[in-house]
Amino acid sequence: MIQALFDELGQGDFTFDIKRDGNGRLTHLFFAHPSSIALTKSYPYVFVMDCTYKTNKYKMSLLDIVGVSSFNGSFYSCFAFMQKEEEGDYVWALERFSKILGHGQQPSVIVSDRELALMNAIKVVFPGTANILCVWHIEKNILSKCKSQFERGEDWETFLLAWTNLIESPDESSFDEAWHRLEVEYEEKEYILKNIKNTWLPFKERFVYAWTEKYLHFGNRVASRAEGAHGMLKKYLTVSTGNFHEVREKICLAIENQYNEIKAKIASEKLQVTHKFRIPMLKELATHVSNFALGELFKQYELATSSILGPCRGHVSKTMGLPCAHMMTNKKGESLLLSDIHPQWRIDIRSFSNVDGGVNGNGSEIERFLKNFQDKYKCMPLVEREDSLKQVAQLIDSPIPLTLEPSIQPHKGRPSGSKKRKEDDSTTRDPSAFEIAEKTRKCSVCHHFGHNNRTCPHKYENTRRSPHFVLANQHVNLNMLETQFECEINTSLEL
């Protein structure tokens, strides 16, 4: 079955690589669709990386690498099935990804969550790339770890606001001030401060705006692209029990539909321009730059013509690769030029017709090699010709090592043979820790977090369950019983 998969990948012009264990079983599978390779080489600047699960019967995790298009949309770059998620596994996958990008080519930014093994692998394979951590995942981690420390919902919301102000600090001095205020205000919450210090502050340069706004990330500070890509992929897969052949077919369908949509959108925007973008400042850019980029430029144009323009921080040009309102003001009415726009947003230079189907054009490399061999073969003496042909024949006829199916990874939780556990073929992921924390119910007595109505310290206040109420009620009941007993005695005596 695995050899048949290799044949399908080869015939489909995929770029792929594998890794086996000592028993010949598949442990890693990296592959990239030829259309994905064309998009990756056309948009090599920003990528989002994240693993997803419940996609195959072998229960192998799937590393999904997602790129960003001219329209601020997403596309699948490549995939890697891995049995483990250790640093060596990620290094193996990223080295194959780097070969698709090309020799010496490194992304400007890679967005990920706080997966230490992946972060270390990015540092090894792409030392010149900025690794930004997803602020959404950080907030949800804070929620799962710290929300239980607040009894009142209002206090939790106040803390979240202070945390957001810390993340959005525009410079290092503002960050130091915000962190000092947080330490003073929540001095009694030792657990929260310790968690933040140990878990997140060592990586502050990867998510605080004072540092991340120096990188060309095109507005990508969260890993939502990868989450959306996971969801779209699982709509095609429908079940989590498919083999690699079935998964490959579904992934191909998703990629081809995505690729055709991007091509159609490029063709459409080359012909049509939104009416509000037909202004002198943008006239040289229409039909050459995507509508998304024109929309961002139009926002800066409105800001430049308003009276609320503040000092220039270079934020837009550094992070988006687009002229800011201050640059437009300096133009003094002159039109922006195509040279002012980062190539990421250009649609006039996109051409995906030269999809070579491999890393660095493997097909053309083989043809060039055969042509050189043929020219050299003509100049060889007879004996050398025979030796050369034997070497080529030996290479062609050499047996391919047998690759066996991956061993199915054990399920978490109850053993698969347990009667209480039902077999699940759903692709829906298990709830995260923050989702469990968000579903924590408030106490029905005092409406605070961190406890329920059984352990509520206020449950006896002004309620019929108060001990005083119970004792008084018992005394009343005894008096009623005595009175009833006396009445029955008197009645019996009269009779």
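For Ala226, the conditions (1) modelled with pLDDT under 95; (2) touching a Ser or Thr at 6+ places or on another chain (Cβ under 7 Å); (3) of a type in the set (A, V, I, L, M) all hold with the exception of (2).
Of the residues making up the range 1-25, those that are within 17 Å of Asn243 (Cα to Cα), out of contact with any Leu (no Cβ under 7 Å at 6 or more places or on another chain) and not in a helix (DSSP H, G or I) number 1.
Looking only at residues in the range 375-415 that are surrounded by fewer than 10 Cβ atoms within 10 Å (Cβ to Cβ) and closer than 21 Å to Phe81 by Cα, the one that is modelled with the lowest pLDDT is Lys412.
In the range 130-169, how many residues are within 17 Å of the chain's Cα centre (by Cα) and open to solvent by 10 Å² or more (accessible area, probe 1.4 Å)? Give the derivation first.
First pass over the range 130-169, keeping only residues within 17 Å of the chain's Cα centre (by Cα): 130-141.
Narrowing the set further to residues that are open to solvent by 10 Å² or more (accessible area, probe 1.4 Å) leaves 130-131, 135-137, 139-141.
Counting residues in the range 130-169 that are within 17 Å of the chain's Cα centre (by Cα) and open to solvent by 10 Å² or more (accessible area, probe 1.4 Å) gives 8.
Residues that are of a type in the set (Phe, Trp, Tyr) and modelled with pLDDT of 95 or more were ranked within the range 32-66; the one that is farthest from Leu253 (Cα to Cα) is Tyr45.
Looking at Gly231, Gly219 in this structure, which one is within 30 Å of Ala80 (Cα to Cα) and in contact (Cβ under 8 Å) with a residue 40 or more places away in the chain? Walk me through how you get there before you give the answer.
Details: Gly231 fails: in contact (Cβ under 8 Å) with a residue 40 or more places away in the chain.
So the residue among Gly231, Gly219 that is within 30 Å of Ala80 (Cα to Cα) and in contact (Cβ under 8 Å) with a residue 40 or more places away in the chain is Gly219.
From the list Ile279, Ile266, the lone residue that is of a type in the set (Val, Ile, Thr) and either crowded, with 20+ Cβ neighbours inside 10 Å or in contact with a Lys or Arg (Cβ under 6 Å, 6 or more places away or on another chain) (or both) is Ile266. Which condition number does Phe97 fail, the rest of (1) of a type in the set (A, V, I, L, M, F, W, C); (2) under 27 Å from the mean Cα position of the chain (by Cα); (3) open to solvent by 50 Å² or more (accessible area, probe 1.4 Å) being met? The one condition Phe97 does not meet is (3).
Every condition in (1) among the basic types (Lys, Arg); (2) within 31 Å of the chain's Cα centre (by Cα); (3) within 16 Å of Arg346 (Cα to Cα) is met by Lys318 except one, and the failing one is (3).
Count of the range 212-247 residues, restricted to those that are open to solvent by less than 30 Å² (accessible area, probe 1.4 Å) and either of a type in the set (A, V, I, L, M, F, W, C) or not in a helix (DSSP H, G or I) (or both), is 14.
Scan the helices (runs of 4 or more DSSP H) fully inside the range 69-170 and keep the ones with 2 or more residues being closer than 28 Å to Tyr53 by Cα, hydrophobic (A, V, I, L, M, F, W, C) and in contact (Cβ under 8 Å) with a residue 24 or more places away in the chain.
Details: elements: 87-101, 116-125, 135-146, 153-167.
Counting at least 2 such residues, we get 87-101, 116-125, 135-146.
Restricted to the range 171-192, and to residues there that are over 16 Å from Glu205 (Cα atoms) and not in a helix (DSSP H, G or I), the residue that is most open to solvent (accessible area, probe 1.4 Å) is Glu188.
In the range 48-68, which residue that is polar (S, T, N, Q) and outside any strand (DSSP E or B) is farthest from Ile122 (Cα to Cα)? Checking each candidate, the answer is Asn56.
For the range 19-59, filtered to residues that are over 24 Å from Val239 (Cα atoms) and among the aliphatic types (A, V, I, L, M), the residue that is surrounded by the most Cβ atoms within 10 Å (Cβ to Cβ) is Val48. Do you know which of the residues in the range 60-83 that are more than 18 Å from the chain's Cα centre (by Cα) and open to solvent by 10 Å² or more (accessible area, probe 1.4 Å) is nearest to Thr287 (Cα to Cα)? The extreme case among them is Phe71.
The values are calculated or read from the model by the stated rules, or taken from the named source; none is laboratory data. Here the structure is a predicted model, which is why all the values come from computation and not from measurement. Cβ coordinates were reconstructed from backbone atoms using ideal geometry, including for glycine residues, and neighbour counts include every protein chain displayed. Side chains are part of the model used for accessible areas, which takes the heavy atoms of the whole protein and leaves out ligands, DNA and RNA. Shrake-Rupley method; radii C 1.70, N 1.55, O 1.52, S 1.80 Å.
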